[in-house]
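Everything below concerns the one structure shown next.
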Amino acid sequence: MQRLTNTAELKVLRDNLLQAQDPHRPIVRVCRGPGCLAVGADKVSQAFQSAIQSQNLEVKVQPLVKDTGCHGFCSQGPLVNLAPANLCYVRVKPEDVEEIVQTTLVKGAVVERLLYSDNGTRYKSAADIPFYRMQQKIILQNIGVIDPLDIHDAIMAGAYHSLAKALIEMSPDDVIRTVEISGLRGRGGGGFPTGYKWKRTVENARENPGPVYIIANGEEGDPGAFMDRAIMEGDPHAVIEGMAIGAYAMGVNQGFLYVRHEYPIAIRHLAAAIAQARALGLLGKNILGAGFDFDLQINRGAGAYVCGEETAIIASLEGRVGEPVTRPPYPSQQGLWGRPTVINNVETWANVPHIIDHGAQWYADLGAPRSTGTKIFSLVGKVKNTGLVEVPMGISLGALVEEIGGGVPGQGRFKAVQTGGPSGGIIPYELKEEFTDYHFHPPDVKPADKMELSVDFDSMAQTGSIMGGGGMIVMDDHDCVVDLARYFLRFLEEESCGKCLPCRLGLKGMLEFLNNFSQGKGAPADIDALESLGKALVDGSLCGLGRTAPNPVLTSIRYFRDEYLAHIVDHHCPAGVCRDLITYRIDPEICNGCTLCAQTCPQVCITGANQQLHTIDQDACIRCGACMDVCPVDAVVVD
Amino acid sequence: MSSSENPQNQVISFTIDGQPVQARPGWTILETARHYRIHIPTLCFHPALKPWGSCRLCVVEARYGKRGKVMPSCLNPPIEELEVFTDSERVLNVRRWVLEMLLAGCPASREIKKLAAAYGVTSTRFAVTDPEEECLRCGRCVAVCNEVVGVQALTFGSRGVKKVLETPYRVPNNACIGCGCCVSVCPTGALQKRLDTVRGDLSRRTGHGYAH
């Protein structure tokens, strides 16, 4: 690759690439996001490659097969998008590829059975599908479109255009001011204003001259969250460009990408992207001839959740044990090797090029007044459409879950939404309408004070939850809040670094309470004790992990105290989840004696002859629920 | 801020439990409180060591304007006009719970029983895993060996609830010079019983392996 020596050459390269591209050439985009890979997207991609290369296709132009990042609609994977026909095929199997090639690529017709259909409507293009229609894709706009391993593809989509703009048109202070005016807040969950953080760091560096460092936090450990993964895998150049712009603004020559070891594809794509950017002169010495040096290095996290905390990242990068230290001093004062350091989430960095490109005011107009821009959520749990969604901040929770998520599958009823992962809270779904936004209105405004709960930093914090990294777990009435709180506490107890006593002993202690509750033990007074212990952790713990760890428990007690009381007083789990409080039985009216449950039962404790009523031996039953899952007539009921 | 020209003479004026106090530059809230003989309990703090902030017993509630925050006094320097409360309800809540959990965590320690009793905590609701345990993993011994003695014979092993005090690779460490500093700084006396696991059997520590 020819090294670019000035910004004009970047533009020439882009124009040449765009001209060389045949707009009529068919492009097959196979999603290789985590969800699609798990259901065999790599085999689909291989099938396309071999089907196109092996035979002489009767087409004028050879189609191009691209392995792209996540398309977002994970529940319908593997996903294949075809351009320029603008078709979206869902649940594509390797066997279907031959038909797609023959019907769509050769004849130009549509394979109807592979289109997404909902309520009897078939949707040809992705943009029409309700799941995509409600979204506003800014960070995700290139993800799923470009080939992340090819920098030319990214440049055609506009990558590094903002870096060139910043280098020639803006002074470093202009860049910081633009980011500050845009209102961008940290996407890792804390919501700290990014521009302010940058400004403070530069001021600290001026008082104390020397190197400044920037770090991208790609240690995304929340269960059920994969936003940063999608960005790093699908559009690594967005992160690199954002960091390069930040480096220019703050006078940084060395940046670090701290990515968890569990994301090998992200690391591979980032490494390839860095190497290609270096070859083009977009990283390294004298970037685009602007006299600015910046390089990036990838550091892998060794699997500790707490290393997503900024002081723990610094400790880990310095080669110390990944344990947080008390702030202040903040990293912007004394960070990596004692120097001012800016740590931003991967998604925050990926926002920066768009702000520089379109301007601060454009970004400030997106989303809600105090939470500007868009946010990526990974929508999982009891919704029909699970996947990665990007929506403007301030969207109502109801719209996000019901219209984009498509509602709860089956007979269930929405119960709650868990936001922000293990550090977030459980918000009852009813709150979406009864939420009173007293924060922005004077207290005497009464008439229409029932407004929809909006998804932004401040409204989420008022419910007792947090926005967090963007995990959003939807629960229905078959999910038990005690069990979910217990699940998150167990996760955090494993992941606590053990440095401070409230977190190390407190998480264990809170788990002891919850384990008792889930077994029907304890007294109502224990709920208050648990709440008080949770508050002690919030006040007493050293870092964000311990300070936010009680959130799932505190919010579930606040909103679902009845459910806790049902466990303790009535020894009954209303959702039918907590194993010690439930029994499975077979309804004699419904059972048709198919013997499937008896064959599945791991304890072999279901008896009954063929075509006759089956019964469960309650003494041997381990309440695994396998019989309930296989019963074709739903005769197994839980009490 | 005082208008004195020598920055060493500048003092920071604030209040602890309503009492006006003055801190020298560089003092933490805890050091100021100790200077005025205001009692704040500590376990991991030791004047010879850098504050580590693990026990969280020294938390105080600091109010500045309308904002109140519970913070460890051993790590935080005061600012002008700060109002510090050493025994507000939020502070006592943290202390009582930490002490109650410590009663289950180190049930054999008399020091902790005494300290807990002073805060009205005499029994614990939590499960006792090891009735002989005295170590609370405060980190004083590790810090003294590292910062003062400079041999790094001791370290923490494992993580989270499994965190233990041990030597690298769990074998007696030849780096240990047997100075006993770790024993003398231990707030509960837990290290007295463990010293031999750190320095090894003295009768066998001769010859080439004995590095120091």
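May I ask for the distance between the Cα centers of the stretch A:139-168 and the stretch A:77-102, given as a whole number of Å?
With the stretch A:139-168 and the stretch A:77-102 each reduced to a Cα centre, they are spaced 25 Å.
Can you work out D for the protein assembly as shown in µm² s⁻¹ from Stokes-Einstein, where Rh is the Kirkwood radius over C-alpha pairs, the temperature is 10 °C and the viscosity is 1.306 mPa s?
On the way: Rh = 30.1 Å.
In µm²/s, the coefficient is 53.
Evaluate the distance, in nm, between pseudo-label points positioned 7 Å from the Cα of A:Glu95 and of A:Val633 along their respective Cα→Cβ axes.
Going from the A:Glu95 label point to the A:Val633 one covers 3.1 nm.
What is the list of residues in the stretch A:518-537 whose amide nitrogen lies under 19 Å from a point 7 angstrom out from the Cα of A:Arg558, following Cα to Cβ?
A:527-537
When a footprinting reagent is the concern and you count Cβ atoms within 10 Å, what order do A:Ile314, A:Ile606, B:Ile12 take, fewest first?
On the way: A:Ile314 26, A:Ile606 23, B:Ile12 20.
The fewest-first ordering by Cβ neighbours comes to B:Ile12, A:Ile606, A:Ile314.
Put +1 on the Cβ of each Lys and Arg and -1 on the Cβ of each Asp and Glu in the protein assembly as shown; which of A:Thr178, A:Val80, A:Gln611 then has its Cα farthest toward the positive end of the dipole?
Value computed over the given set: A:Thr178.
Once the other residues with Cβ under 14 Å from the Cβ of A:Lys165 are scored (Lys, Arg +1; Asp, Glu -1), what is the net sum?
Working: positive: A:Lys11, A:Arg14; negative: A:Glu169, A:Asp174, A:Glu241, A:Asp357.
Spelling it out: positives minus negatives among the neighbours equals -2.
Run the dipole for the stretch B:30-161 about the Cα centre, Lys and Arg Cβ at +1, Asp and Glu Cβ at -1, nothing else charged, and hand back the magnitude in debye, nearest 20. It would help to have the intermediate numbers written out before the result.
Values: 18 positive and 14 negative charges, 43 e Å.
With only Lys, Arg, Asp and Glu charged at Cβ, the dipole is about 200 debye.
Once you've got the GNM for chain B with C-alpha springs shorter than 10 Å, pick whichever of B:Ala153, B:Ala143, B:Ala118 has the biggest mean-square fluctuation.
Looking only at B:Ala153, B:Ala143, B:Ala118, the largest GNM fluctuation is found for B:Ala118.
Quick one: divide the alpha-carbon radius of gyration of the stretch B:7-87 by 2.2 N^0.38 Å and tell me what you get. Mind showing how you got there, number by number?
Numbers: Rg = 11.9 Å, N = 81, 2.2 N^0.38 = 11.7 Å.
Cα-based Rg divided by the globular estimate yields 1.02.
Taking the alpha-carbon centroid of each part, what is the distance from the stretch B:67-130 to the stretch A:252-275 in angstrom?
Answer, in whole Å: 42.
Once both labels are modelled 7 Å past Cα along the beta-carbon direction, what's the A:Phe192-A:Asp174 spacing in nm?
It works out to 2.8 nm between the two label points.
Using every Cα-Cα pair within the stretch A:583-638, state what percent have a distance larger than 19 Å.
Numbers: 157 of 1540 pairs.
Here the tail beyond 19 Å accounts for 10 percent of pairs.
Among A:Leu163, A:Gly301, A:Ile527, whose Cα sits farthest toward the positive end of the charge dipole of the protein assembly as shown (+1 at Cβ of Lys/Arg, -1 at Cβ of Asp/Glu, about the Cα centre)?
It is A:Gly301.
If each residue's Cβ is checked for other Cβ atoms within 10 Å, how do A:Thr386, A:Thr341 rank with the fewest at the top?
Ordered from fewest to most neighbouring Cβ atoms within 10 Å, A:Thr386, A:Thr341 come out as A:Thr386, A:Thr341.
Once Lys and Arg get +1 and Asp and Glu get -1 on their Cβ, which of B:Leu99, A:Gly108, A:Ile129 lies farthest toward the positive end of the dipole of the protein assembly as shown?
Checking the options against the dipole of the protein assembly as shown, the answer is B:Leu99.
Could you work out how far apart the two model spin labels at A:Lys107 and A:Cys605 are, taking each label as a point 7 Å from the Cα in the direction of the beta carbon, and quote it in nm?
5.7 nm
Treat every Asp and Glu Cβ in the stretch B:7-87 as -1 and every Lys and Arg Cβ as +1, leave all other atoms uncharged, and give the resulting dipole magnitude about the Cα centre to the nearest 20 debye.
Working: 9 positive and 7 negative charges, 41 e Å.
Dipole about the Cα centre, nearest 20: 200 debye.
Fewest Cβ neighbours within 10 Å first, please rank A:Trp349, A:Trp198 accordingly.
Ranking A:Trp349, A:Trp198 by Cβ neighbours within 10 Å, fewest first, gives A:Trp198, A:Trp349.
When a/c reaches 1.5 or more, the comparison of a/b and b/c decides; with that in mind, is the stretch A:374-568 rounded, prolate or oblate per its Cα gyration tensor? Walk me through the numbers on the way to the answer.
On the way: a/c = 1.56, a/b = 1.46, b/c = 1.07.
Prolate, since a/c reaches 1.5 and a/b exceeds b/c.
Give the distance, in whole Å, between the Cα centre of the stretch A:20-51 and the Cα centre of the stretch A:103-136.
17 Å
Would the stretch B:91-131 count as rounded, prolate or oblate if I go by the C-alpha gyration tensor, calling it rounded below 1.5 in a/c and otherwise prolate when a/b exceeds b/c, oblate otherwise? Kindly include the intermediate steps, with their values, before the conclusion.
On the way: a/c = 2.23, a/b = 1.42, b/c = 1.57.
The shape class here is oblate.
Given Cβ point charges of +1 (Lys, Arg) and -1 (Asp, Glu) and nothing else, what value in debye, to the nearest 20, does the dipole of the protein assembly as shown about its Cα centre take? Intermediate values should be presented prior to the final figure.
Details: 83 positive and 93 negative charges, 458 e Å.
It comes to approximately 2200 debye.
If a/c stays under 1.5 just call it rounded; otherwise compare a/b with b/c (prolate if a/b is bigger, oblate if not). Do that for the stretch A:151-365, with a ≥ b ≥ c from the square roots of the Cα gyration tensor eigenvalues. Intermediate results must be reported in sequence, preceding the final value.
Details: a/c = 1.40, a/b = 1.13, b/c = 1.24.
Rounded, since a/c falls under 1.5.
Bear in mind that the values in this text are calculations on the coordinates, not laboratory data. None of these values were measured; they are calculated from a predicted model. Positions of Cβ are generated from backbone atoms using ideal geometry, with glycine treated the same way; all protein chains shown enter the neighbour counts.
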